Amino acid sequence: MAINVGKANLVEQLELILSLRGSYPIVAIDTEFPGFIRDTPRNATEEERYTDVKHNVDNMHLIQLGVALFDEGGNTPWPGCCWQFNFSDFDPDVDASSPDSIELLIQSGHDFQQNRRHGIDAQRCAYLVCVKLFCQPHSSKYITFHGLYDVAFVIKMITRAPLPNTLNEFSDLVRIIFGQIYDLKYISRFCCGLRRGEIGLVGLSRLLDFEPVGIRHQAAYDSLLIGKLFNKMKQRRHNIEDDRSVSVLYGIENRCVENRRTRRIDRRGWPYPRRHRHPLAAMGWAA
């Protein structure tokens, strides 16, 4: 069963996760957010797509972050182990959102008013979440599915600032913050029998003969499913951890690949104790 995390048990659960990270270094993540206030055409360029991502993420609040931990064998600390961090920042009565998305989240069990009362203030807790979840040894791996928006919302929370103005800067931040991150939707493109990645998360689970457990559109259960599908793909001997897949997000894959080849980054000092020591300092970070 998913562990719901709010302001009352945030520190306790982050410490628990941190204590497990050495044995379970693979972190599957998923987010829930209020939909899209600007839609992106299918034929948009990667720069146009990022412009829309920045507009949506900068003008919306994160609702939920899901986390599930795995070891290299695909095992979790205990059966069904996953966490969902519920944030208090989103107010459906005043904040930007897509009505259809809000209705879908309500049908999936989200209680926005309870989140307002008992959830986590994303800005106030950003540093704590950052250090415990995303500032661990570089051997950690992060797994997403169609993770462009998931990653963008996490970056916004960690930096406590609008997303970078350019796609190049955003791509650099992905590598700085996450190190090794794998997007299953992009990886599926190279796997025989997975329809070149043009399927959703449930569709991928069906192709892999895996029955999802839990409630869809709850971030914890989706993160657990993402991690289990990652292991399922490895069991089927899909080559999903090669150099062409690391730090490449579906939707901006060409720029990610190009920047990984041509733009050098320095992850030393992350997390960093002094503002001037790290590239994120120029983007509004304050410990």
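The values are calculated or read from the model by the stated rules, or taken from the named source; none is laboratory data. All values reported here derive from a predicted model rather than from experimental measurement. No Cβ is skipped: glycine too gets one built from the backbone with ideal geometry, and neighbour counts run over all protein chains shown. For accessibility, only protein heavy atoms count, side chains too; no ligands or nucleic acids. Shrake-Rupley method; radii C 1.70, N 1.55, O 1.52, S 1.80 Å.
Would you point out which residue out of 102, 106 is aliphatic (A, V, I, L, M), surrounded by 17 or more Cβ atoms within 10 Å (Cβ to Cβ) and closer than 22 Å to residue 39 by Cα?
After ruling out the rest, the residue left standing is 102.
Residue 199: open to solvent by 10 Å² or more (accessible area, probe 1.4 Å) and among the hydrophobic types (A, V, I, L, M, F, W, C), yes or no? Write out each step before concluding.
Details: open to solvent by 10 Å² or more (accessible area, probe 1.4 Å): yes; among the hydrophobic types (A, V, I, L, M, F, W, C): yes.
For residue 199, the condition - open to solvent by 10 Å² or more (accessible area, probe 1.4 Å) and among the hydrophobic types (A, V, I, L, M, F, W, C) - is met.
Sort out which residues of the range 201-232 are of a type in the set (Gly, Ala, Ser) and either farther than 26 Å from residue 101 by Cα or free of Cβ contacts under 8 Å to residues at least 12 places away in the same chain (or both), and write them in order of number. Quick ask: steps written out before the conclusion?
Let us first name the residues in the range 201-232 that are of a type in the set (Gly, Ala, Ser), namely 203, 205, 214, 219-220, 223, 227.
The answer is 203, and nothing else.
To keep it simple, each residue is scored yes or no on (1) polar (S, T, N, Q); (2) out of contact with any Cys (no Cβ under 6 Å at 6 or more places or on another chain).
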site: 147; (1), (2): no, yes
site: 153; (1), (2): no, yes
site: 156; (1), (2): no, yes
site: 161; (1), (2): no, yes
site: 168; (1), (2): yes, yes
site: 171; (1), (2): yes, no
site: 183; (1), (2): no, yes
site: 190; (1), (2): no, yes
site: 194; (1), (2): no, yes
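Just one of the numbered conditions (1) surrounded by fewer than 22 Cβ atoms within 10 Å (Cβ to Cβ); (2) in contact with a Ser or Thr (Cβ under 7 Å, 6 or more places away or on another chain) is not true of residue 151; which one?
Among (1) surrounded by fewer than 22 Cβ atoms within 10 Å (Cβ to Cβ); (2) in contact with a Ser or Thr (Cβ under 7 Å, 6 or more places away or on another chain), the lone unmet condition for residue 151 is (1).
For residue 158, work out the one condition from (1) over 13 Å from the mean Cα position of the chain (by Cα); (2) at pLDDT below 95 it doesn't fulfil.
Of (1) over 13 Å from the mean Cα position of the chain (by Cα); (2) at pLDDT below 95, only one is false for residue 158: (1).
Can you name the strands (runs of 3 or more DSSP E) wholly within the range 1-70 that have at least 2 residues being closer than 27 Å to residue 97 by Cβ and open to solvent by 10 Å² or more (accessible area, probe 1.4 Å)?
Counting at least 2 such residues, we get 3-5, 26-32.
Since residue 104 meets every condition but one in (1) out of contact with any Asp or Glu (no Cβ under 9 Å at 6 or more places or on another chain); (2) part of a loop (DSSP other than H, G, I, E, B); (3) not charged (D, E, K, R), which condition does it not meet?
Among (1) out of contact with any Asp or Glu (no Cβ under 9 Å at 6 or more places or on another chain); (2) part of a loop (DSSP other than H, G, I, E, B); (3) not charged (D, E, K, R), the lone unmet condition for residue 104 is (2).
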